[in-house]
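Written out below as structure tokens is the structure these notes cover.
The values are calculated or read from the model by the stated rules, or taken from the named source; none is laboratory data. These figures come from a predicted structure and were not determined experimentally. A quick note on method: Cβ atoms are made from the backbone with ideal geometry, for glycine too, and the neighbour counts reach across all protein chains shown. The area values use the complete protein model at the heavy-atom level, side chains included, leaving out ligands, DNA and RNA. Shrake-Rupley method; radii C 1.70, N 1.55, O 1.52, S 1.80 Å.
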Amino acid sequence: MKKSLVLIMLVVALVATAAFGFMACNKQGYTIGVQAGTTGEYYVKGDADWDFAGFANVSCAPYNNGGLAVQAMKNGTVNAVIIDEAPAKALAARIEGIKVIDVKLTEEEYAYGVDKAQDSLLTAINGILASSEFAAKKAEIMNAYFGDGTPTPVTAATSADGSKAAQQLVVATNAEFAPFEYKDGDKFAGVDMEIAAYIANTLGLELVILDMEFDAVVTSVGKNYVDIAMAGLTVNETRKESVNFTTSYYNASQMLVVLANDTTFDGLTTVEEIEAKIKTL
């Protein structure tokens, strides 16, 4: 009998501890999901580079990709999601029961992160990005993903060969960020992946694409033969410590995603209104 009583008391204690831990992690009551390591996470938590304090009154829940964050919201684990505009709208088009609050919370520039030891590669890629030929190709690619064009999935090697380092362009990405990078069967697709194929072809190099967690994309550059990071990367000072950025090729922003029946942000049309509302949650 004593044994049973001790066991019951232990179970009760464990349940109480778990409940307390859950409340401690969610003491603010409102949780926003983000993709780990992205500008969305910096926005919610605050970032010194932007001189932005973030939102101390809400909890931030990082996920490996935006799709997992949205699923967590649908399951009731988080209340809302903040991710980049294009992926947010792509998810809303694919997943029922969610909507995007059409207010741009940030202004960002996407660029590619090149190995700091490869100045000649940076110069070559910037030359390509500035060319009239690329402008025409970029317009075609953008139309494929944001208009009525047809995407062209990219075939690439998925492992780098050190003996052929001078003949390969090794790209680090996170293929969980449609419409910029994602998998289409055994091929890669997305704006960045088609641009990667164009750059490699222009330079006469074999394209290698390494798919990895987003947190590892920038820090992998310059290691294991990785030449460049192409993953919908916002330029910021922290990332500049690891890579040299190319010229910008896309203007981006963060947006709020909520359940379709969530009226919390209805009628709000400015960043100031959205941020003020978040601070009251």
### Query
What is the sum of charges around Ser132, taking Lys and Arg as +1, Asp and Glu as -1, for the other residues whose C-beta is under 14 Å from the C-beta of Ser132?
0
### Task
Could you please state how large a percent of the accessible area of the range 188-256 is carbon and sulfur, counting protein chains only and using a 1.4 Å probe?
46
## Note on the structure
To the nearest 20 debye, the range 137-263 has a Cα-centred charge dipole, built from +1 on Lys and Arg Cβ and -1 on Asp and Glu Cβ, of 340
#### Entry: Relative compactness, the range 90-243, computed as alpha-carbon Rg over 2.2 N^0.38 Å
1.05
### Message
Using a probe radius of 1.4 Å on heavy atoms only, what accessible surface per residue do you get for the chain? Whole Å² is fine.
### Response
49
### Query
Any idea what the dipole of the chain comes to, in debye rounded to 20, about its Cα centre with Lys/Arg Cβ at +1 and Asp/Glu Cβ at -1?
1180
### Query
Given labels modelled 7 Å from the Cα in the Cβ direction, how far is it in nm from Asp148 to Ala216?
4.2
### Task
Could you name the lysines whose alpha carbon sits less than 30 Å from that of Lys116, not counting residues in the same chain fewer than 8 places away?
Lys45, Lys137, Lys138, Lys164, Lys183, Lys187, Lys223, Lys240
### Query
Give or take rounding to whole Å, what are the principal axis extents of the alpha carbon atoms in the range 77-174, in descending order?
49, 35, 28
### Message
Over the range 167-280, what portion of Cα pair distances is larger than 18 Å, expressed as a whole percent?
### Response
60
#### Entry: In nm, spacing of pseudo-spin labels at Glu140 and Ile95 (7 Å Cα→C-beta vector)
3.4
## Note on the structure
Helix-only [θ] at 222 nm, the chain, -39500 (n - 2.57) per DSSP H run of 4+, per residue, nearest 500, equals -11500 deg cm²/dmol
### Summary
So the carbon and sulfur contribution to the accessible area of the range 18-132, 1.4 Å probe, in percent, is 52
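Once Rh for the chain is found with the Kirkwood sum over Cα pairs, what is the Stokes-Einstein diffusion coefficient at 20 °C and 1.002 mPa s, in µm²/s? Please list the in-between numbers first.
On the way: Rh = 20.5 Å.
Using the Kirkwood radius from Cα pairs, D works out to 104 µm²/s.
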### Task
Give me the accessible area of Leu105, 1.4 Å probe, in Å² rounded to the nearest 10.
10
### Query
Measuring from label point to label point, each 7 Å out along Cα→Cβ, what is the Asn251 to Ala124 span in nm?
3.1
### Task
Please give the peptides 160-171, 188-199 ranked by average Cβ packing (other Cβ atoms within 10 Å per residue), highest first, as a rough proxy for protection.
188-199, 160-171
